């Protein structure tokens, strides 16, 4: 669960960086000069690649989540009483933690 939260946070952070970079590119669009144009071109290419990679990572994460959900569904169907016992145990632990 912690890995999922940190992965979600990483994706959110990367999206924020890409948005900020796009805003910076828009803000400097009126500035002229060879060096500025070259830097803007490199930045635009980097942002484009970052967006593509984020999209790929999100698709991979979605596929993995669907696979894990399918595995969990199969396990519950094969061992329903084990699943009930696990759920009861988790509920007990959470109840004890919340009570404190």
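Results, tabulated for the structure shown:
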quantity: Residue within segment 54-67 that is more than 22 Å from residue 9 (Cβ to Cβ), without any contact (Cβ under 8 Å) to a residue 12 or more places away in the chain, within 17 Å of the chain's Cα centre (by Cα) and assigned to a helix (DSSP H, G or I) present; calculated: yes
quantity: In segment 18-32, the residues that are closer than 22 Å to residue 53 by Cα and in contact (Cβ under 8 Å) with a residue 12 or more places away in the chain; calculated: 18, 21, 22, 24, 25
quantity: Residue check, residue 45 under 19 Å from the mean Cα position of the chain (by Cα) and modelled with pLDDT of 80 or more; calculated: no
quantity: Selection count where residues are within 30 Å of residue 87 (Cβ to Cβ) and loosely packed, with under 10 Cβ neighbours inside 10 Å, scope segment 27-68; calculated: 0
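The values are calculated or read from the model by the stated rules, or taken from the named source; none is laboratory data. Just so we're clear, the structure is a prediction, and the values are computed from it rather than from any experiment. Heads up, the Cβs are rebuilt from the backbone with ideal geometry, glycines too, and the neighbour counts pull from every protein chain shown.
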